[in-house]
Amino acid sequence: MTGNLILPHGGKLINKYIQKKSDDLPTFEVSSDIRNDVENIATGVFSPLVGFVGQEDFLNVLKEGRLSNGVPWTIPIVLDTEKQIAKRMGDVGDMILCSDGQKFGILHVHEIYEYHKQDMANAVYGTTDTNHPGVSRIFKMKEFLVGGEVEVFQMKEYDEIQKFRMHPSETRSEITKRGWKSIVGFQTRNVPHVAHEMLQKAALNIYDGLFLNPLIGKKKIGDFTDDLIISAYESLIDNYFPKNRVLFSTIHTSMRYAGPREAIHHAIMRKNFGCTHFIVGRDHAGVGNYYPPFAAQEIFQKYPDLGITPVIFPSFYFCKKCMSFANEKTCPHGIESKEELSGTMMRKMVNSGKTPEKHLMRPEIAELILKSEKPFVVE
């Protein structure tokens, strides 16, 4: 801890923001998703990374779930390119990074290396099935990876999607200002239903502050859209939470659907934001039936040195006999009395035009969903 704050992952909050740029360097165009990765490196969200991982770290992350220096790290942050461009990058050394035609950063090329997509898919996702959205993304990548440090001189302009975005230095400053000693982080890629809210409020009974941190970025078809997730959480906080106990900020990165490994990755990012604890749900970051339901919780046993404490609650459901939200620790009734609401069930309700009952979803949020012209990701 530094003062009242937990140390960033690796011991130091990375800052790779610079004021000046060199216009005479060759340019390299990257996607908006890669730009998000670069900005997350530069602002310390991905501390202790200072750039895209080199081959030694890449292989160690795949094999051990750690960087080559032993620091826990489970998702390799990589930049892919094709052979012809890789050769040119190796010749020039430094390049200006561009996205959508805007120059925003510098890549200091350290190495270029080949990799095996099947090995990467198996290690990160536990499968090579291309029906898995993360695996599918790997097999669409180019054949070479580029390792090297990055610097950013132009951050993305904040818009409606980014208006709640905060960097780790900002969240840490706010946590200090509020005097919180214990902060529990909550990751989500869904609009909230009442079971989510009950879980979050159960955590608030234990910890000083709740860090609500929805993931904004590329998701799979059928997930709720970023706009709707943000609007729903705005409404939830405005109507049902004490605002002095909640810190709301969006995190801008791709959803990888890597199950257990991504649960560790999500915890590390929240540690960098200043969280001391992190809620790990059933099938956290899962998709389909690729991971056992409690695998994302069990993996934390392999990382006693992670530096942030996982918080595991039994799943909340509405019990018709208890006439309240409960879980297996507090409710003795059988499955016939349980009413559960999942992201999948919410999507089915919306597609069928049904309004979730008030005890399952707050009416303000149900109204937002039903009024939305495009509630789900379509491509």
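Every residue in the range 1-54 that is of a type in the set (Asp, Glu) and either outside any loop (DSSP other than H, G, I, E, B) or outside the structural domain of Leu97 (by TED's automatic domain parsing) (or both), please.
Across the range 1-54, the qualifying residues are Glu29, Asp33, Asp37, Glu39.
In the set Ala263, Ala232, Ala258, Ala267, which member is assigned by TED's automatic domain parsing to the domain that holds Thr176, surrounded by 23 or more Cβ atoms within 10 Å (Cβ to Cβ) and part of a loop (DSSP other than H, G, I, E, B)?
Within the list Ala263, Ala232, Ala258, Ala267, the selection yields Ala258.
Can you pull out the residues in the range 85-119 that are among the basic types (Lys, Arg), under 24 Å from Asn36 (Cβ atoms) and more than 27 Å from the chain's Cα centre (by Cα)?
Applying the first criterion (among the basic types (Lys, Arg)) to the range 85-119 yields 87-88, 103, 117.
Now drop any that are not under 24 Å from Asn36 (Cβ atoms), which leaves 103, 117.
Within the range 85-119, no residue meets the criteria.
Can you find, within the range 119-136, the residue that is farthest from Ala285 (Cα to Cα) among those that are surrounded by 17 or more Cβ atoms within 10 Å (Cβ to Cβ) and touching a residue at least 40 places away in the same chain (Cβ under 8 Å)?
Ranking the qualifying residues of the range 119-136, first place goes to Met120.
Just checking, does the range 24-33 include any residue being within 24 Å of Lys219 (Cβ to Cβ) and buried (at least 18 other Cβ atoms within 10 Å of the Cβ)?
Checking the range 24-33: at least one residue is within 24 Å of Lys219 (Cβ to Cβ) and buried (at least 18 other Cβ atoms within 10 Å of the Cβ).
Kindly evaluate Asn213 against the criterion of being surrounded by fewer than 16 Cβ atoms within 10 Å (Cβ to Cβ) and either under 22 Å from Lys163 (Cβ atoms) or over 14 Å from the mean Cα position of the chain (by Cα) (or both). Don't jump to the end; show me each part of the working.
On the way: surrounded by fewer than 16 Cβ atoms within 10 Å (Cβ to Cβ): no; either under 22 Å from Lys163 (Cβ atoms) or over 14 Å from the mean Cα position of the chain (by Cα) (or both): yes.
Considered against the rule, which asks whether it is surrounded by fewer than 16 Cβ atoms within 10 Å (Cβ to Cβ) and either under 22 Å from Lys163 (Cβ atoms) or over 14 Å from the mean Cα position of the chain (by Cα) (or both), Asn213 comes out as no.
Quick one: count up the residues across the range 274-318 that are outside any loop (DSSP other than H, G, I, E, B) and within 21 Å of Leu199 (Cβ to Cβ).
Residues that pass the stated criteria total 14.
Is it the case, given these coordinates, that Ile237 is of a type in the set (A, V, I, L, M), in the same structural domain as Val184 (by TED's automatic domain parsing), over 12 Å from the mean Cα position of the chain (by Cα) and not in a loop (DSSP other than H, G, I, E, B)?
Details: of a type in the set (A, V, I, L, M): yes; in the same structural domain as Val184 (by TED's automatic domain parsing): yes; over 12 Å from the mean Cα position of the chain (by Cα): yes; not in a loop (DSSP other than H, G, I, E, B): yes.
So Ile237 fits the description; yes.
Mind listing whichever residues of the range 240-259 are more than 14 Å from Asp37 (Cα to Cα) and in contact (Cβ under 8 Å) with a residue 60 or more places away in the chain?
Correct list: Tyr240, Asn244, Leu247, Phe248, Ser249, Thr250, Tyr257, Ala258, Gly259.
Let me confirm something: among Glu197, Glu174, which residue is acidic (Asp, Glu), more than 16 Å from Asn244 (Cβ to Cβ), in the same structural domain as His266 (by TED's automatic domain parsing) and touching a residue at least 24 places away in the same chain (Cβ under 8 Å)? If you could, list the steps in order and put the result at the bottom.
Working: Glu174 fails: more than 16 Å from Asn244 (Cβ to Cβ).
The unique qualifying residue is Glu197.
Does Lys87 satisfy the criteria of being touching a residue at least 60 places away in the same chain (Cβ under 8 Å) and surrounded by fewer than 20 Cβ atoms within 10 Å (Cβ to Cβ)?
no
Just give me the residues in the range 296-355 being surrounded by fewer than 16 Cβ atoms within 10 Å (Cβ to Cβ), farther than 29 Å from Val377 by Cβ and in contact (Cβ under 8 Å) with a residue 60 or more places away in the chain, in sequence order.
If the condition is that a residue be surrounded by fewer than 16 Cβ atoms within 10 Å (Cβ to Cβ), farther than 29 Å from Val377 by Cβ and in contact (Cβ under 8 Å) with a residue 60 or more places away in the chain, then Lys302, Asp305 are the ones that fit.
Could you check the range 346-365 and list, in sequence order, the residues that are over 14 Å from His196 (Cα atoms) and either within 24 Å of the chain's Cα centre (by Cα) or of a type in the set (Gly, Ala, Ser) (or both)?
Hits for the range 346-365 are Arg347, Ser352, Gly353.
The values are calculated or read from the model by the stated rules, or taken from the named source; none is laboratory data. These numbers were taken from a predicted model, which means no experiment stands behind them. Cβ sites come from the backbone with ideal geometry, for glycine too, and all protein chains shown count toward neighbours.
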